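S.K.: Below is a structure I'd like to ask you about.
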Amino acid sequence: MCLAIPSKIIEINDNMGTIDVAGVQREASMLLLEDPQVGDWVIVHAGFAIQKVDEAAAQESLRYLREAAQLLVDDEDPDAAATG
Amino acid sequence: MSIKHADEYRDAEIARRLVTTIRKTSHRPVQLMEVCGTHTVSIFRHGIRDVLPPTIKLLSGPGCPVCVTAQQEIDAFIAYARQEDTIVATFGDLLRVPGTHSSLQMEKAEGRDIRVVYSAFDAVKLAAGNPDQRVVFLGVGFETTAPTIAASILAARDMDLDNFLVLSAHKTVPNALEALMADDAVAIDGFLLPGHVSVILGLAAYRPFFERHKVPAVVAGFEPADILEAVRRLVVQVESGAPQLDNAYPRAVSETGNAKAREVLDQVFEPVEAQWRGIGVIPASGLAIREALGRFDAARRMPIEVPAVREPAGCGCGDILTGAKSPPECKLYRKACTPENPVGPCMVSSEGTCAAYYRYHG
Ligand code: SF4
């Protein structure tokens with residue numbers, strides 16, 4: 001029942017918003033969101049925007065995952081050579 | 001245009017690296033449970049169970065809202081659909097769930113007015129457009145869905161609608177975790193906490209549970225890298241013997257969650273005990289409409305008693321929901337029970353463990 005990918009708010013009228021999810025436009029209620037703005041990326045569930053995606057946190061965890069992956073490349077290579 | 005922060009978390013290279021790290025880190029056999037139907041589907045769709053080392057067993061828990069809905073509640077939904085001058089509005093995944101003698105789909109075929117809506121707000125509009133009928137919305141779902149229904153009730157109040165009613169069969173997650181820990185049949189070494197329930201609740205809602213049980217618990221997002229990172233953190237906690245309540249989905253989940261949604265939720269609902277399929281009665285794990293908003297409560301305005309009933313004979317859905325059994329251990333799986341001809345809700349809902357297993361494992 002959860003739509004996991006974020007949608008972008010492209011218009012707000014009263015408490016109804018038009019959102020774009022992967023190129024498809026839909027209506028979503030903004031009633032559960034504090035201070036929604038056009039341009040915000042939001043998570044939408046059952047016709048309601050339920051949360052804004054935190055940009056800084058998203059970048060931070062991506063950087064963290066990439067770094068973790070990179071660390072492994074460094075200590076994995078000799079291993080890989082040894083085992084073929 | 002890319003879909004913000006979904007593509008990145010689907011990056012195959014990052015996923016591969018995470019799997020390698022998990023393989024290197026995991027030594028002790030562990031059983032980790034996800035408690036979210038969307039996690040279940042993502043885990044099966046991306047083949048995550050197959051790439052994890054044999055030390056790690058993923059169990060699917062009671063994360064599919066339709067599946068945990070008690071048989072008696074399904075029978076009640078059908079009884080409401082049979083009332084005069086009544087339109088029943090529901091999310092689509094309830095339609096095919098078999099009740100004791102019928103299903104909403106069968107009732108619809110016999111001419112009852114049952115409408116599938118995408119949002120509870122659509123049911124409010126339906127009530128506004130049909131002033132001579134009562135619209136009863138079937139409220140099923142966890143803390144992600146319940147605020148959307150609460151907001152719809154408040155909207156109906158503001159529109160002064162007298163014919164919009166909700167039959168609340170909502171369930172809430174934290175106390176269900178308690179019940180799972182109390183179940184001796186399954187040993188759970190860590191929980192993947194649901195992503196969007198946690199968006200609303202925040203990490204704080206799990207703290208009392210965590211303090212009592214000190215079991216590793218990590219909130220996970222839905223993309224492969226999100227789930228693998230949460231599994232990695234759980235494994236690190238198990239291996240180091242240092243359990244934590246941790247958040248691997250910080251782009252959407254905060255310590256306190258969505259305060260506005262929780263406020264709306266609290267304004268409309270109060271906790272009550274609830275009957276879960278497979279688990280039984282769990283205290284304070286359901287939501288009833290508060291007395292002040294009783295005019296929107298179908299249970300108050302149109303009370304209908306339905307008898308307590310047995311679940312479908314031979315269906316192991318209850319054991320599936322607690323992780324005690326996997327679908328192939330059910331005698332009916334793939335034989336009498338298929339997605340075309342489901343015996344239990346675990347095969348009906350696309351988020352049900354039996355349906356996900358059938359679709360992605362055969
Ligand atoms: S396979 Fe069908 S009958 Fe068996 S547990 Fe799943 S839903 Fe129930």
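S.K.: If you check B:ASP85 against the conditions, is it acidic (Asp, Glu), surrounded by fewer than 23 Cβ atoms within 10 Å (Cβ to Cβ) and at positive phi?
M.R.: On the way: acidic (Asp, Glu): yes; surrounded by fewer than 23 Cβ atoms within 10 Å (Cβ to Cβ): yes; at positive phi: yes.
When the stated conditions are applied, B:ASP85 passes them.
S.K.: Further question: Residues being over 13 Å from A:PRO6 (Cα atoms) and within 7 Å of chain B (Cβ to nearest Cβ): count how many of those fall in region A:18-32.
M.R.: 3
S.K.: Continuing with this model, one more query. Take region B:173-206 and flag every residue that is more than 17 Å from B:SER285 (Cβ to Cβ) and in a helix (DSSP H, G or I).
M.R.: Selection gives B:GLY195, B:HIS196, B:VAL199, B:LEU203, B:ALA204.
S.K.: So which residues in region B:221-273 are under 19 Å from A:LEU32 (Cβ atoms) and in a helix (DSSP H, G or I)?
M.R.: B:ALA259, B:LYS260, B:ALA261, B:ARG262, B:GLU263, B:VAL264, B:LEU265, B:ASP266, B:GLN267, B:VAL268 - these are the residues of region B:221-273 that are under 19 Å from A:LEU32 (Cβ atoms) and in a helix (DSSP H, G or I).
S.K.: Return the residue satisfying two criteria in turn: it lies in region B:136-160 and is without any contact (Cβ under 8 Å) to a residue 60 or more places away in the chain and assigned to a loop (DSSP other than H, G, I, E, B), and of such residues it is nearest to the other protein chains (Cβ to nearest Cβ).
M.R.: B:THR144
S.K.: Could you tell me whether B:GLU305 is assigned to a loop (DSSP other than H, G, I, E, B) and either within 27 Å of B:THR86 (Cα to Cα) or within 10 Å of the ligand (Cβ to nearest atom) (or both)?
M.R.: Numbers: assigned to a loop (DSSP other than H, G, I, E, B): yes; either within 27 Å of B:THR86 (Cα to Cα) or within 10 Å of the ligand (Cβ to nearest atom) (or both): yes.
Against the criterion (assigned to a loop (DSSP other than H, G, I, E, B) and either within 27 Å of B:THR86 (Cα to Cα) or within 10 Å of the ligand (Cβ to nearest atom) (or both)), B:GLU305 qualifies.
S.K.: Suppose we keep only residues that are touching a helix residue (DSSP H, G or I) at 6+ places or on another chain (Cβ under 8 Å) and part of a helix (DSSP H, G or I) within region B:117-127. Which one would you say is farthest from the other protein chains (Cβ to nearest Cβ)?
M.R.: Here is the first cut: in region B:117-127, the residues touching a helix residue (DSSP H, G or I) at 6+ places or on another chain (Cβ under 8 Å) are B:117, B:119-121, B:123-124, B:127.
Add one more test, that the residue is part of a helix (DSSP H, G or I), and what stays is B:120-121, B:123-124, B:127.
Working: B:ALA120: 7, B:PHE121: 6, B:ALA123: 10, B:VAL124: 10, B:ALA127: 16 Å.
The qualifying residue farthest from the other protein chains (Cβ to nearest Cβ) is B:ALA127.
S.K.: A further question on this structure: If the requirement is being over 25 Å from A:SER29 (Cα atoms) and more than 13 Å from chain A (Cβ to nearest Cβ), which of these qualifies: B:ASN247, B:ASN163, B:ASN175?
M.R.: The unique qualifying residue is B:ASN175.
S.K.: Only one of B:ASP246, B:ASP184, B:ASP158, B:ASP162 is closer than 20 Å to B:GLY278 by Cβ and surrounded by fewer than 22 Cβ atoms within 10 Å (Cβ to Cβ). Can you tell me which?
M.R.: Sole residue among the options that is closer than 20 Å to B:GLY278 by Cβ and surrounded by fewer than 22 Cβ atoms within 10 Å (Cβ to Cβ): B:ASP184.
S.K.: Identify the residue in region B:336-362 that is surrounded by fewer than 24 Cβ atoms within 10 Å (Cβ to Cβ) and within 9 Å of the ligand (Cβ to nearest atom) and, among all such residues, is nearest to the chain's Cα centre (by Cα).
M.R.: So, considering only residues that are surrounded by fewer than 24 Cβ atoms within 10 Å (Cβ to Cβ) and within 9 Å of the ligand (Cβ to nearest atom), the one nearest to the chain's Cα centre (by Cα) is B:TYR357.
S.K.: Can you name every one of the helices (runs of 4 or more DSSP H) wholly within region B:37-116 that holds 3 or more residues which are assigned by TED's automatic domain parsing to the domain that holds B:THR148 and under 18 Å from the mean Cα position of the chain (by Cα)?
M.R.: Filter on region B:37-116 gives B:37-45, B:65-68, B:71-81.
S.K.: Something else: Name the residue that is surrounded by the fewest Cβ atoms within 10 Å (Cβ to Cβ), counting only residues in region B:201-235 that are touching a Ser or Thr at 6+ places or on another chain (Cβ under 6 Å) and over 15 Å from B:GLU34 (Cβ atoms).
M.R.: The selected residue is B:ALA204.
S.K.: Got a number for residues in region B:255-268 being surrounded by fewer than 20 Cβ atoms within 10 Å (Cβ to Cβ) and without any contact (Cβ under 8 Å) to a residue 60 or more places away in the chain?
M.R.: Residues meeting the conditions: 6.
S.K.: Another question, then. Mind checking which strands (runs of 3 or more DSSP E) fall wholly inside region A:1-55 and carry at least 2 residues that are modelled with pLDDT under 95, crowded, with 19+ Cβ neighbours inside 10 Å and in contact with a Lys or Arg (Cβ under 7 Å, 6 or more places away or on another chain)?
M.R.: Passing ranges, in order: A:41-45.
S.K.: For region B:312-335, which residues satisfy the criterion of being more than 7 Å from the ligand (Cβ to nearest atom), assigned to a loop (DSSP other than H, G, I, E, B) and within 19 Å of the chain's Cα centre (by Cα)?
M.R.: B:THR322, B:GLY323, B:ALA324, B:LYS325, B:SER326
The values are calculated or read from the model by the stated rules, or taken from the named source; none is laboratory data. Everything quoted here is computed from the prediction, not taken from an experiment. Neighbour counts are summed over all protein chains in view; Cβ atoms, including those assigned to glycine, are modelled from backbone coordinates with ideal geometry.
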